[in-house]
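Here is the structure we will look at, set down as structure tokens.
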Amino acid sequence: MKKIIFWILNILTFGYFKKKVEKKINEINDNKNLALTLDTIDKPNLEQFFLIFGGKKNIEHVSATISTLSITIKNTALIDFKKINLLSKKGFSQNGNNFILLLGDCSQTFANDIKKELKN
């Protein structure tokens, strides 16, 4: 009889705690997902960006992923290569006229800012 009561109490207790723990985990995950939409890294200066890459007319295409900004340039002779590191503290790579800046989670919002400015 004691074994039966012991098992019934275990099942009821752990079932209750399991639901409480799952609810708490879901709340934490929901909060984390909201935090991912916010920039935790400061965006580079937009005016400085255009100066380094030779002005608005020198930028052909801009796109972004979660942590990188991709830029296609018309004329690489207008670029100040020494100052690119001021924009991207994490680094950059170049392949011909294509540049990839590692900016962190602000890349998408910064790309949107650049596209708005290019339309003006």
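The values are calculated or read from the model by the stated rules, or taken from the named source; none is laboratory data. Model, not experiment: these values are computed from the prediction. Note that we place each Cβ from the backbone using ideal geometry, even for glycine, and neighbour counts take in every protein chain shown. Quick note on the areas: whole protein, heavy atoms, side chains included, nothing else; ligands and nucleic acids left out. Shrake-Rupley method; radii C 1.70, N 1.55, O 1.52, S 1.80 Å.
Annotation note: trypsin sites (Lys or Arg not before Pro) in segment 55-120 located in DSSP loop regions with a Cβ neighbour count of at most 15 within 10 Å are Lys74, Lys89, Lys90. Of the residues Asp80, Asp42, ranked by 1.4 Å probe accessible area with the largest first, the sequence reads Asp42, Asp80. Residues of segment 82-120 with an amide N closer than 16 Å to a point placed 7 Å from the Cα of Lys56 along the Cα-to-Cβ direction: 111-120. Stretching the chain fully between Glu47 and Leu102 yields a gain of 18.0 nm (0.36 nm per residue, less the alpha carbon separation).
With every protein chain in place and a 1.4 angstrom probe, the accessible-area ranking of Glu60, Glu117, Glu22, largest first, reads Glu60, Glu22, Glu117.
Couplings 3J(HN,Hα) of segment 67-82, computed from phi: 10, 10, 10, 9, 10, 10, 10, 7, 10, 6, 5, 7, 8, 9, 5, 5 Hz, in residue order, whole Hz [Karplus 6.51 cos²θ - 1.76 cosθ + 1.60, θ = phi - 60°; x for Gly and Pro]. In plain terms, the chain from Ile28 to Ser67 could stretch by 11.7 nm, reckoned as 0.36 nm per residue minus the Cα-Cα distance. Ranking of Leu46, Leu51 by solvent-accessible surface, largest first: Leu51, Leu46 (1.4 Å probe, protein heavy atoms only, all chains present).
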